[in-house]
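Reviewing the structure listed below.
The values are calculated or read from the model by the stated rules, or taken from the named source; none is laboratory data. Because the structure is a prediction, the values reported are computed rather than measured. Neighbour counts are summed over all protein chains in view; Cβ atoms, including those assigned to glycine, are modelled from backbone coordinates with ideal geometry. Each accessible area value is taken on the protein alone, full model and side chains, heavy atoms only, with ligands, DNA and RNA left out. Shrake-Rupley method; radii C 1.70, N 1.55, O 1.52, S 1.80 Å.
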Amino acid sequence: MTGITFLCFQACEKEDNTPAICYNCPHGHDYDLTEMQDYFLAGNLKGLDDAHFRDGQGDIARFLNPRGIAVDTFGNVYVSDISTIRKINTDGIVTTLAGRSVMNDVEYADGWTAAFNNTVDVGVDGQGNVYVADFNNHLIRKISPVGFVTTLAGKLSYQCDYADGQGTDAKFCSPYGIAVSVDGNVFVADGNLIRKITSDGNVTTYAGAAIDEQGGDTQFGHIADLAVDMQGNVYAADNGNYNIRKITPDRMVTTVAGGTYGYVDGQGDAASFLFFKGIAVDANGNIYVTDEDKIRKITPEGKVTTLFGSTGSYKFIGPYGLAVDALGNVYVSDNLIPKYDLFSYTAEPGIGIIYNIGPQ
């Protein structure tokens, strides 16, 4: 049994007969991607070819399945791309920071020739170290600024588990989202738990299990992704409860917005969400989420609006990861994959695009 998603691209014309880049599949969806070129940073908008991965500048580069993204203090963008971590510098040049472009070759290795087994998300600290949620290896990996990979926490296993502890004594169960605070603590979305890893690799359960009367007694559903603001507040995109949760530094949990399944903008619990993939927060406390094919914004007061995807020509097909830089620019990974086997983690060449949609 396989799980397959198809995306189909074709040349088309706009109403004024000018060329356009369209997405069209038998199930009836039809998107004009031409206007999205205004926000293009790197990747391929021109169609499929035989290159799974390719480094290079702008549209010369190829991404297979870009998902989680992060941005450092210098404006470099990091992208989790199946079995590799890619880096986009401020000139739009894409390089492979770590990992192997041949999937199912080696599933785990540290060092200069590191291997990952399905990277889902990335985070970056103030020194330029990149942290990776290595989903199938149940590990959290650390990449130095020059590309040397170590295992920060978790025990290599093909079976997931939960255990707090130091370094490899800790256990994770398919870690998904990851975020790094300004003081260097790493927060991990691990099923319905939020785990915290200190800089020396000590792992504790931060919220989501009955471990104390504050953060621990609040139950989460499946947490898709995490973000951390400058004050150390953690934000969780909770797909199990269709809401955005906030965990303060003293581990008090509140709901910022949402709580029901659907697509409604509004204030607080009057808003509804469909399915989160990514979350980010800016310096002013505004939260951004990818919700199905939409980019939505939640103010610090809990007001939810839709920025992209509901109306007009600016639309995404498979928005996934989000990141915000120091200037307030919002980066989005758009995951346009033609055919992907979810069980063997193999794929045909895809169209992965990274956008900078600017301050919002």
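Quick check on this structure: which one of Gly278, Gly258 is open to solvent by less than 10 Å² (accessible area, probe 1.4 Å) and in contact with a helix residue (DSSP H, G or I) (Cβ under 9 Å, 6 or more places away or on another chain)? Outline the logic, then answer.
On the way: Gly278 fails: in contact with a helix residue (DSSP H, G or I) (Cβ under 9 Å, 6 or more places away or on another chain).
On inspection, the qualifying residue turns out to be Gly258.
Going through Ala257, Ala280 one at a time, which residue ends up being modelled with pLDDT of 95 or more and within 19 Å of the chain's Cα centre (by Cα)? Show your work before the answer.
Working: Ala257 fails: within 19 Å of the chain's Cα centre (by Cα).
Just a single option satisfies the conditions, and that option is Ala280.
Scanning for something modelled with pLDDT of 95 or more and under 18 Å from the mean Cα position of the chain (by Cα), does region 297-314 turn up at least one residue?
Checking region 297-314: at least one residue is modelled with pLDDT of 95 or more and under 18 Å from the mean Cα position of the chain (by Cα).
Hey, can you tell me all the residues within region 281-314 that are in contact with a helix residue (DSSP H, G or I) (Cβ under 9 Å, 6 or more places away or on another chain), part of a strand (DSSP E or B) and open to solvent by 20 Å² or more (accessible area, probe 1.4 Å)?
Of everything in region 281-314, just one residue is in contact with a helix residue (DSSP H, G or I) (Cβ under 9 Å, 6 or more places away or on another chain), part of a strand (DSSP E or B) and open to solvent by 20 Å² or more (accessible area, probe 1.4 Å), namely Lys303.
Counting only residues that are surrounded by fewer than 21 Cβ atoms within 10 Å (Cβ to Cβ) and at pLDDT 80 or above, how many does region 208-227 have?
3
Does Val124 satisfy being modelled with pLDDT of 95 or more and under 18 Å from Asp225 (Cβ atoms)? I'd like the intermediate steps shown before the answer.
Numbers: modelled with pLDDT of 95 or more: yes; under 18 Å from Asp225 (Cβ atoms): yes.
Against the criterion (modelled with pLDDT of 95 or more and under 18 Å from Asp225 (Cβ atoms)), Val124 qualifies.
Those residues that are among the hydroxyl-bearing types (Ser, Thr, Tyr), closer than 17 Å to Asp190 by Cα and open to solvent by less than 70 Å² (accessible area, probe 1.4 Å), I need them from region 131-165; list them, please.
Once the filter is applied, which keeps residues that are among the hydroxyl-bearing types (Ser, Thr, Tyr), closer than 17 Å to Asp190 by Cα and open to solvent by less than 70 Å² (accessible area, probe 1.4 Å), region 131-165 yields Tyr131, Thr151, Ser157.
Given the condition acidic (Asp, Glu), in contact (Cβ under 8 Å) with a residue 40 or more places away in the chain and closer than 21 Å to Ile354 by Cβ, answer yes or no: does some residue in region 87-100 qualify?
Initial filter on region 87-100 (acidic (Asp, Glu)): 91.
From what is left, the residues that are in contact (Cβ under 8 Å) with a residue 40 or more places away in the chain are none.
Within region 87-100, none of the residues are acidic (Asp, Glu), in contact (Cβ under 8 Å) with a residue 40 or more places away in the chain and closer than 21 Å to Ile354 by Cβ.
Among the residues of region 170-187, is any surrounded by fewer than 18 Cβ atoms within 10 Å (Cβ to Cβ), farther than 19 Å from Leu226 by Cβ and small (Gly, Ala, Ser)?
no
Suppose we filter Asp81, Asp91, Asp105 for residues that are at pLDDT 85 or above and open to solvent by 60 Å² or more (accessible area, probe 1.4 Å); which single one remains? Spell out the reasoning first.
Values: Asp81 fails: open to solvent by 60 Å² or more (accessible area, probe 1.4 Å); Asp105 fails: at pLDDT 85 or above.
It is Asp91.
If you check Gly68, Gly123, which single one turns out to be closer than 18 Å to Gly352 by Cα, out of contact with any Lys or Arg (no Cβ under 7 Å at 6 or more places or on another chain), open to solvent by less than 50 Å² (accessible area, probe 1.4 Å) and assigned to a strand (DSSP E or B)?
On the way: Gly123 fails: closer than 18 Å to Gly352 by Cα.
None of the others qualify; the one that does is Gly68.
Have a look at Gly358, Gly350 and point out the one that is modelled with pLDDT under 90, farther than 16 Å from Leu226 by Cβ, crowded, with 19+ Cβ neighbours inside 10 Å and not acidic (Asp, Glu).
Numbers: Gly358 fails: crowded, with 19+ Cβ neighbours inside 10 Å.
Going through Gly358, Gly350 in turn, just one is modelled with pLDDT under 90, farther than 16 Å from Leu226 by Cβ, crowded, with 19+ Cβ neighbours inside 10 Å and not acidic (Asp, Glu): Gly350.
Of all residues in region 318-347, how many are of a type in the set (Asp, Glu), crowded, with 24+ Cβ neighbours inside 10 Å and modelled with pLDDT under 80? Let's see the steps before the verdict.
Taking region 318-347 and keeping what is of a type in the set (Asp, Glu), we get 325, 334, 341.
Now narrow it down to the ones that are crowded, with 24+ Cβ neighbours inside 10 Å: 334.
Pick out the ones that are also modelled with pLDDT under 80 and you get none.
The qualifying residues number 0.
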